[in-house]
Every structure is written in structure tokens, then in C-alpha cells.
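Data block below; observations after.
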Amino acid sequence: MAFFLSIVPPNLITKPSDKKVIENEQLQFRCTATGNPVPKIRWMKDGRTVGFGEILSLGAQRNQSGEYWCSVDNGLSEAVNASADLDVQCKYDNVVALWSGVATEAIRSNIGKKICPDQEPNP
């Protein structure tokens, strides 16, 4: 009786896609692969590992914008990689601030405009 072991290098089936979200929204990148042995999937950003498995879930913060890499490896050949960009947009607040009842010109000119909460009004 003969046994045949099928050895197959990793192959990407589903690649992550670019995403644009508002901060604090939940998002998922997906990456699936085939191969034998079954490939391991690692997620990377800025050269650091940020997750493992087919799905990378994030509660998006603006400092998480950037390029995310899905790296698939089963030890048979070079890892197979795919990337996607994440663009996290700020959740706007309307400028309505008055300090001590006196508004500076920068604030007066921005009242009612949308700015990011951690942004200073434009002069």
C-alpha cells in the first residue's frame, strides 16, 4: 500500500482590500490561503506583527492609518504577501467654543465649521 503526500506551496485565495473608515468604526481585513501543509497567516504593519489568522479586526483610530500586510507561509517556499491601505478619517466636531465669553479671531472664523476634535482652529 502506497501513501502519497501532496505538498503544495501557499497560494492566496482572498486578498485584503483598501478601506476608508471614520475613527472608532469597526473594520475587518480578510486574507485566505490554501496550501499543504496548511499555511499560517500573519498580519503586519510598519514591520511589526499586529495579528494572526484569516481576519484582522480593528476599532479604527487615526494613528492606525497605513499599509497592512497579509503574509502567508507554510515553510515550503517564500511567504506570499498581499497588502491593503487603511485610511482612518477623523470624526468631526463642530466648532462652537467660546473661552471666558471672548472668542479669538481664529475661533470666530471657524464657528460652525467641522474640525477634528484634537485639531486647533485655523487662524
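Taken together, the values in this text are just the output of simple stated rules run on the coordinates, not laboratory data. If you're wondering where the values come from, they're calculated on a predicted model, not measured in any experiment. Note: ideal-geometry Cβ built from the backbone for every residue, glycine included; neighbour counts use all protein chains shown.
Sorted ascending by nearby beta carbons within 10 Å, beginning with the fewest, T32, T49 become T49, T32.
Computed from Cα atoms alone, the Kirkwood hydrodynamic radius reported for the range 6-49 is 12.6 Å. Distances between placed amide hydrogens fall under 5 Å for S65 paired with V88, all partners being 5 or more residues away or on another chain.
Take every Cα pair under 8 Å whose residues are at least 6 apart in sequence, average their separation, divide by the length of the range 9-89, and the relative contact order is 39 percent.
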